[in-house]
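Report on one structure; see the data block that follows.
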Amino acid sequence: MSQSSSREKIWGYAAEFTTPAAITQAAKKVAAAGYRWWDCHTPFPVHGLDIAMGVKPTILPIIVFFGGLTGTLVAIFLQVFTNSLEVNLWAIVPVIGYQFEVSGKPLISGPAFVPVMFELTVLLSALTTVGSMFLLNGLPCLYHPVLKSTKLARITDDRFYIVIEARDPKFTDEATRSFLDSLGPESIEPLEP
């Protein structure tokens, strides 16, 4: 059977494991074998599995930092612009700010800006987190071949699975199945597209 025909018939293989230690050891071997299109499915977070899989750290904290920084800068700009005496906005629209002096305090005052800066920083950080999470995770994903398998429904209960996709450059029907069999799983199931 040729490599291209095996890729057309199945979406990948799923190997079933019963313990977190077993899937962690198997994940190390899959990563060492050089597979790139594979994933682990577990009913709960398994400590050290991401390291065993060779997963790189996410870029999400950096994106969220810049979202929060944008919120802070927007808050400062908004308050300075609102409290300014007279501003020529892009030299087109003359704007007179809303000067509201209270007790002789200065119009542009750092302590008075803190609550708005805090609120916009938190707001834009949260919105950036949610938006980036959806984009980085490829959501919404309305269909996935793993969800078709009735046996893999135990992922949410008490079973652990390693799934190697057929689009992986190293994937061949017989070689991948025998490699997964060498990891000592309870069972191996082909996944239909």
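In the chain, the longest principal axis of the Cα atoms and the axis of helix 110-136 are about 20 degrees apart.
Straight-line cross-link partners of residue 56 among the aspartates and glutamates, defined as a Cα under 17 Å from its Cα and at least 8 positions apart when in the same chain: 39. Karplus-based coupling profile of segment 23-28, in residue order and whole Hz: 6, 5, 5, 5, 5, 4, with θ = phi - 60° in 6.51 cos²θ - 1.76 cosθ + 1.60 and x standing for Gly or Pro.
Note on the chain: with charges restricted to the Cβ of Lys and Arg (+1) and Asp and Glu (-1), its dipole about the Cα centre is near 260 debye. Cross-link reach is defined here as a Cα-Cα straight distance under 30 Å, omitting same-chain residues fewer than 8 places apart; for residue 9 the lysines meeting it are 28, 29, 148, 151, 170. Which whole-number percent of Cα pairs in segment 99-147 have a distance greater than 17 Å? Beyond 17 Å sits 61 percent of the P(r) for segment 99-147. In sequence order, segment 66-79 has phi-based couplings of 5, x, x, 4, 4, x, 5, 5, 5, 5, 4, 4, 4, 6 Hz under the Karplus curve 6.51 cos²θ - 1.76 cosθ + 1.60, θ = phi - 60°, and Gly or Pro positions carry x. Using C-alpha pairs under 8 Å with a sequence gap of at least 6, the mean separation divided by the residue count of the chain gives a relative contact order of 48 percent.
Ranking 37, 11 by Cβ neighbours within 10 Å, fewest first, what do you get? Placing the least packed residue first, the sequence is 37, 11. Answer rounded, prolate or oblate for the chain, using the Cα gyration tensor with square roots of eigenvalues a ≥ b ≥ c: rounded when a/c is under 1.5, else prolate when a/b is larger than b/c, else oblate. Prolate shape, in that a/c is at least 1.5 and a/b is the bigger ratio. The alpha carbons of segment 111-190 give a radius of gyration and a Dmax of 21.5, 69 Å, in that order.
Computed from the coordinates by the stated procedures, all read-outs in this text should not be read as laboratory data. Nothing here was measured: the structure is a model prediction, and the numbers come from that model. Cβ sites come from the backbone with ideal geometry, for glycine too, and all protein chains shown count toward neighbours.
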